[in-house]
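All remarks here apply to the structure that follows.
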Amino acid sequence: MGVFWGYVATLAVYFCIYNIFAFGLNIQFGYAGILDFTVITFMAIGGYFAGVAVLGPAQRGTEIYYIFGWSLPWPVALVIGAVAAGLLGFVIGLIALRRLRSDYLAIVTLASGSIVYGIINNDNKIFDGGAGLVGVSQPFGSHISTNPNTYSEFFLIICFVLMVGCWLFANRLYSSPLGRAMRAIREDVDVAEAYGKNSFKIRMTAMVIGCMMVGIGGALTIAYVTALSPAGWTTGETFVIWAALIVGGRGNNWGAVVGSFLVAVLFNEATRFLPNIPGHPNMISDIRNMAIGGLVILTLWFREQGVIPERKAKFMEIPLRATRAKPGLLAVSASGSDNA
Amino acid sequence: MPDTDTGRTSPSYNSATSEASLGSAVSADSSPTPTGTLLKADTLVRHFGGVAAVDGCSFEISRNTITGLIGPNGAGKTTTVNLISGAIRPGSGHVIFDGDDVTGFAPHRLAAKGLIRTFQISREYKSMTVLENLMASPRNQAGEKLFNVFFRSGAYKAEERRHLERSLEVLDDFGLYAKRNDYAGNLSGGQKRLLELARAVMAEPKLLLLDEPMAGINPALVDKVTEHIIAMRDTLGVTFLVVEHNLEVVERMCDHVIAMALGSTLATGTMAQLRANQAVVTAYLTGGEA
Ligand SMILES: Nc1ncnc2c1ncn2[C@@H]1O[C@H](COP(=O)(O)OP(=O)(O)OP(=O)(O)O)[C@@H](O)[C@H]1O
Ligand SMILES: [Mg+2]
């Protein structure tokens, strides 16, 4: 396999991973209206925990420190990463979701993300501080040819399978009564509460599920890149995921896919392969960020709901007369006896 | 219906179809018609900064009645509804609902017990369809449990179908059937008021608190909403507390009326009695300052 296909496979891997991020954020924001302004933190936690689960114990005398080091097989590490991200989401949710107002929520997530970033970046005993984890072995790497292009294609299969799993999960959730309750809470939390929806519990469910998905994306990221450090998950990365969902269309998982493709693949990843202009080392990434920012503004201006807006709920068409013709229907749910 | 023979009339609404369609689960527990107090507000007090919005408000609501809550603007009616429904907590006082002290309960817990409220300004789920607005309203849906969604979808498929059929019938009753697949945010003001009521029907409440259900709707629709409320009492056994400024409507619909001014209950009785009450008349003319 040639370099070209390796390149395509690399982009496809990022596409799948960003899809998973976008599905996770969509469940939080698109479904339940949770302004999670620190999505990338959950990616990092998922990645780090999967990483330290895969890595062997930190060696004395190497000046590299991290917790765990359990040498676990990668599938187990993936679960650990997802659960860790979900747990952090739960803890942040405990603070953020108590208050009903969404602006509190936004601030709390942003602040919590900064705290987590500060701790991980400065405490070099957890995930080796600013240096981060390196040398995380790739899943099944020893069984697959060492050629990186071939490996990308193999890894793409793993990503694709997990992405499809998240897709099915997210869509099933959306069309369920639970998903409907989430959307009701998004639309008007006071009314949903007045109709008996436990908004704290339901939003917490969305929060944790979303965080776990993003954590899965993080575990995939560290597995593919084999390293993760604080420089790789700055607040700007949260913006990229948000941009993907806003441009693509919140509340619609197809929108999340289109947005991931446009923002995360075309604008974000593909530009990394462009040649650098001598004397302007940051030019490419600055252009990229400006382009993404411009795209978000254009979307909000001209197509507020995104490229693929949320779809209208479709229900089975039951002819009214048919239900009306059944006299027993309501009598059964009513007194059941002498009513009919 | 066994429990509708209370001697009341529901003007032009007691047709066979509406009787059949509105007759539902609520009347199951209320057969024979239970009497006595469903809700008791006991010296409720709530201050906002220096303003005593509600200041020692007490009243009782009997089961299977429509109770009106009237009073000048700023009398504390909405605040009282908020206190009863758990939207805000009282500074002092108690709310007894269905025999339990529910003071300070979160709204969703009160709703689970059968106490549902609507809002003074229509608050539909805007970017959900009219039908979805109704489907989201039944309480304690099995399909709202995460485990059921992924591992026991059989646990709610039948329930979902039942809610769908019921929603369509209720929409038909409220003249919104043709709008079922429109976004609720695109309804007219009057249609939104009807949607609020239709949603409430889906929740099968024991007590329904309506905050100015007729605000901003045309006279013909006022009659229609009035009929709906009366029919819900008669066929579903729903008890109502209705905040309303239109005293003719109150007179026509309410079994019992509470007049509030300056945060406390001024007088109670039938509308005819209150019309003859000098304190109530004065409060309406002066806002209670006299
Ligand atoms: N959240 C709040 N903060 C401060 N003051 C409030 C608040 N809510 C209500 N008030 C004040 O409490 C008083 C009672 O208000 P409330 O809304 O209960 O009146 P109301 O009887 O429903 O009036 P209307 O008929 O105009 O709807 C008013 O003076 C109002 O300004
Ligand atoms: Mg009011």
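The values are calculated or read from the model by the stated rules, or taken from the named source; none is laboratory data. Keep in mind that what you see is a predicted model, and the values were worked out from it rather than measured. Note that we place each Cβ from the backbone using ideal geometry, even for glycine, and neighbour counts take in every protein chain shown.
Taking the listed residues B:Ile121, B:Ile70, B:Ile84, the one that is within 16 Å of ligand 2 (Cβ to nearest atom), farther than 26 Å from B:Gly237 by Cβ and of a type in the set (Val, Ile, Thr) is B:Ile121, with no other qualifying. Checked against the criterion of being within 14 Å of chain A (Cβ to nearest Cβ), away from ligand 2 (no atom under 16 Å from the Cβ) and closer than 27 Å to B:Gly86 by Cβ, the candidates B:Ala178, B:Ala198 yield just one match: B:Ala198. Contact map, the range B:50-76: first residue within 21 Å of B:Pro213 (Cα to Cα) and within 14 Å of chain A (Cβ to nearest Cβ), second residue away from ligand 2 (no atom under 14 Å from the Cβ) and of a type in the set (Ser, Thr, Tyr), Cβ cut-off under 8 Å, separation 6 or more or different chains; the map is empty.
Among residues of the range B:136-172 being at the interface with another protein chain (Cβ under 8 Å from one of its Cβ atoms) and among the aromatic types (Phe, Trp, Tyr), the one that is surrounded by the fewest Cβ atoms within 10 Å (Cβ to Cβ) is B:Phe150. Exactly one residue out of A:Arg288, A:Arg250 is among the basic types (Lys, Arg) and outside any helix (DSSP H, G or I): that is A:Arg250. Exactly one residue out of B:Ile96, B:Ile121, B:Ile116 is closer than 30 Å to B:Gly189 by Cβ, within 19 Å of the chain's Cα centre (by Cα) and part of a strand (DSSP E or B), and it is B:Ile116. In the range B:107-118, the residue that is surrounded by the most Cβ atoms within 10 Å (Cβ to Cβ) out of those that are more than 7 Å from chain A (Cβ to nearest Cβ) and more than 16 Å from ligand 2 (Cβ to nearest atom) is B:Leu115. Here B:Phe151 fulfils each of the conditions (1) more than 16 Å from ligand 1 (Cβ to nearest atom); (2) touching a helix residue (DSSP H, G or I) at 6+ places or on another chain (Cβ under 9 Å) apart from (2). Scanning the range A:234-249 for residues that are over 13 Å from the mean Cα position of the chain (by Cα) and crowded, with 18+ Cβ neighbours inside 10 Å yields a total of 4. When B:Asn133 is tested against (1) touching a Ser or Thr at 6+ places or on another chain (Cβ under 7 Å); (2) touching a residue at least 40 places away in the same chain (Cβ under 8 Å); (3) buried (at least 24 other Cβ atoms within 10 Å of the Cβ), exactly one condition is not met: (1).
When you go through A:Gly61, A:Gly93, A:Gly47, A:Gly89 one by one, which is the residue that is within 20 Å of A:Asp123 (Cα to Cα), surrounded by 15 or more Cβ atoms within 10 Å (Cβ to Cβ) and not aliphatic (A, V, I, L, M)? Exactly one residue qualifies, and that residue is A:Gly47. Screening the candidates B:Ala178, B:Ala272 for the property of being in a helix (DSSP H, G or I), more than 16 Å from ligand 1 (Cβ to nearest atom) and either under 27 Å from B:Pro90 (Cβ atoms) or modelled with pLDDT under 90 (or both) yields one hit, B:Ala272. Taken over the range B:201-224, the criterion of being within 16 Å of ligand 1 (Cβ to nearest atom) and within 14 Å of chain A (Cβ to nearest Cβ) is satisfied by B:Leu209, B:Leu210, B:Asp211.
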